[in-house]
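**Q** My questions will all concern the structure given below.
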Amino acid sequence: MTGTLPRAITPELLWTGGCMAASVPGMLAHYSCYLLRGRQGAMLVDTGHPAHRDQVTADVLAFLDGAALTHIFPTHGELPHAGLLAHWLELFPQAVAVGDMRDWQLYLPQHSARFRQMADGDAVDLGDRRITFIAPIWRDLPDTLWAWDDTSRTLFVSDACACFHPHAPGQSDRFTSEVAPPDIAIMQDFNDKALHWPRYTDCRESAAAMDRLLAALDPAFLCGAHGAVVDDWRRMMPYFKAGMGA
Ligand SMILES: [Fe+2]
Ligand SMILES: [Fe+2]
């Protein structure tokens, strides 16, 4: 822990990205991505925001330490999550893009032979770790997918469970157990703007579905794109449910 990203969550799981001003004055929002290293490949979960391209590229190359990136997984087709997809495909000509790749042939026709369509239950084997794609519960766009890494017991949740904590420069690499509880009003504001549907939807039913999924998986980490890495989901879920208006 240095105060700024990157941070190695485990020896084979890197958290990188950067922070930018949030819609609430004085707040910083994370734009995170994650790198999973296996014996037979490596997967990037979200591409990094184009504004952080140089930092993220340096961090990923350093963590790969000469190994090849084999899979790039944009959790959904939105700039902070997928905006560097072409960059990674060009940097690693053997890599493939995995996820719900609908419509990507329209954006990047030159790379369309390298898209691998994934759906709930499909998996990628990296030798000593298996990454399974999961239908999202609290999602943004219809092409959103989550993923589960069985080795680190990490659930990648994209825009969900964004732990917005009072956040100054120097606090970007904290886990939820290392910071004060998140601000409910700011999380509600974020969820209303990033997901939209919580404004119009009773989230109690989906909150119960989240409870069932988390009870079944018991993750060591929830890794989302826009907040602190969650290393204590049991303590945090009441805050996330309140942030969804549940
Ligand atoms: Fe999004
Ligand atoms: Fe997002």
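**Q** Leu145 - would you say it is touching a Phe, Trp or Tyr at 6+ places or on another chain (Cβ under 9 Å) and within 16 Å of ligand 2 (Cβ to nearest atom)?
**A** Values: touching a Phe, Trp or Tyr at 6+ places or on another chain (Cβ under 9 Å): yes; within 16 Å of ligand 2 (Cβ to nearest atom): yes.
So Leu145 passes the test.
**Q** Looking at the stretch 203-218, I want the residues that are closer than 20 Å to Ser152 by Cβ and have a partner that is assigned to a helix (DSSP H, G or I) with Cβ atoms under 6 Å, at least 6 apart or on another chain. Which pairs are those?
**A** Leu214/Trp233
**Q** Moving to a separate point now. Working only within the stretch 189-233, note down all residues that are basic (Lys, Arg) and under 19 Å from the mean Cα position of the chain (by Cα). So that I can check it myself, show each step before the final result.
**A** Taking the stretch 189-233 as the starting set, the residues that turn out to be basic (Lys, Arg) are 193, 199, 204, 212.
Answer for the stretch 189-233, where residues must be basic (Lys, Arg) and under 19 Å from the mean Cα position of the chain (by Cα): just Lys193.
**Q** For the stretch 193-202, indicate whether the set of residues that are away from ligand 1 (no atom under 16 Å from the Cβ), surrounded by fewer than 19 Cβ atoms within 10 Å (Cβ to Cβ) and either of a type outside the set (Ser, Thr, Tyr) or under 20 Å from Leu14 (Cα atoms) (or both) is non-empty.
**A** Step one: filter the stretch 193-202 for residues away from ligand 1 (no atom under 16 Å from the Cβ), giving 200-202.
After this cut, where a residue has to be surrounded by fewer than 19 Cβ atoms within 10 Å (Cβ to Cβ) as well, the list is 200-202.
Cutting the leftovers down to either of a type outside the set (Ser, Thr, Tyr) or under 20 Å from Leu14 (Cα atoms) (or both) gives us 202.
For the stretch 193-202, residues away from ligand 1 (no atom under 16 Å from the Cβ), surrounded by fewer than 19 Cβ atoms within 10 Å (Cβ to Cβ) and either of a type outside the set (Ser, Thr, Tyr) or under 20 Å from Leu14 (Cα atoms) (or both): present.
**Q** Somewhere in the stretch 55-73, is a residue out of contact with any Ser or Thr (no Cβ under 6 Å at 6 or more places or on another chain) and either within 16 Å of ligand 2 (Cβ to nearest atom) or modelled with pLDDT under 95 (or both)? Show your work before the answer.
**A** Step one: of the stretch 55-73, the residues out of contact with any Ser or Thr (no Cβ under 6 Å at 6 or more places or on another chain) are 55, 57-58, 60-73.
Imposing the further condition that a residue be either within 16 Å of ligand 2 (Cβ to nearest atom) or modelled with pLDDT under 95 (or both) reduces the set to 73.
The answer is yes, given that some residue of the stretch 55-73 is out of contact with any Ser or Thr (no Cβ under 6 Å at 6 or more places or on another chain) and either within 16 Å of ligand 2 (Cβ to nearest atom) or modelled with pLDDT under 95 (or both).
**Q** Would you pick out the residues in the stretch 43-84 that are surrounded by fewer than 18 Cβ atoms within 10 Å (Cβ to Cβ) and within 16 Å of ligand 1 (Cβ to nearest atom)?
**A** Pro50, Ala51, Leu79, listed by residue number.
**Q** A follow-up question, please. Among (1) of a type outside the set (A, V, I, L, M); (2) surrounded by fewer than 19 Cβ atoms within 10 Å (Cβ to Cβ); (3) over 21 Å from Ile9 (Cβ atoms); (4) modelled with pLDDT of 95 or more, where does Asp150 come up short?
**A** It fails just one condition, (3).
**Q** Which residues, taken from the stretch 103-147, are surrounded by fewer than 15 Cβ atoms within 10 Å (Cβ to Cβ), farther than 17 Å from Ala86 by Cβ and charged (D, E, K, R)?
**A** Passing the criteria: Asp120, Asp125, Asp128, Arg130.
**Q** Looking only at the stretch 148-163, how many residues end up being over 18 Å from Tyr31 (Cβ atoms) and either within 16 Å of ligand 2 (Cβ to nearest atom) or not β-branched (Val, Ile, Thr) (or both)?
**A** The total comes to 6.
**Q** Also, quick follow-up: Hey, does the stretch 125-133 have a residue that's closer than 17 Å to Phe221 by Cα and within 16 Å of ligand 2 (Cβ to nearest atom)? Working first, answer last.
**A** Step one: filter the stretch 125-133 for residues closer than 17 Å to Phe221 by Cα, giving 129-133.
Still in the running and within 16 Å of ligand 2 (Cβ to nearest atom): none.
Taking every residue of the stretch 125-133 in turn, none turns out to be closer than 17 Å to Phe221 by Cα and within 16 Å of ligand 2 (Cβ to nearest atom).
**Q** Tally the residues that are of a type in the set (Val, Ile, Thr) and more than 16 Å from ligand 1 (Cβ to nearest atom), restricting the search to the stretch 135-184.
**A** First, pick out the residues of the stretch 135-184 that are of a type in the set (Val, Ile, Thr): 137, 144, 151, 154, 157, 176, 179, 184.
Adding the requirement that they be more than 16 Å from ligand 1 (Cβ to nearest atom) leaves 151, 154, 176, 179, 184.
Looking only at that region, the number is 5.
The values are calculated or read from the model by the stated rules, or taken from the named source; none is laboratory data. These figures come from a predicted structure and were not determined experimentally. Every residue, glycine among them, receives a Cβ derived from its backbone with ideal geometry; neighbour counts consider all protein chains shown.
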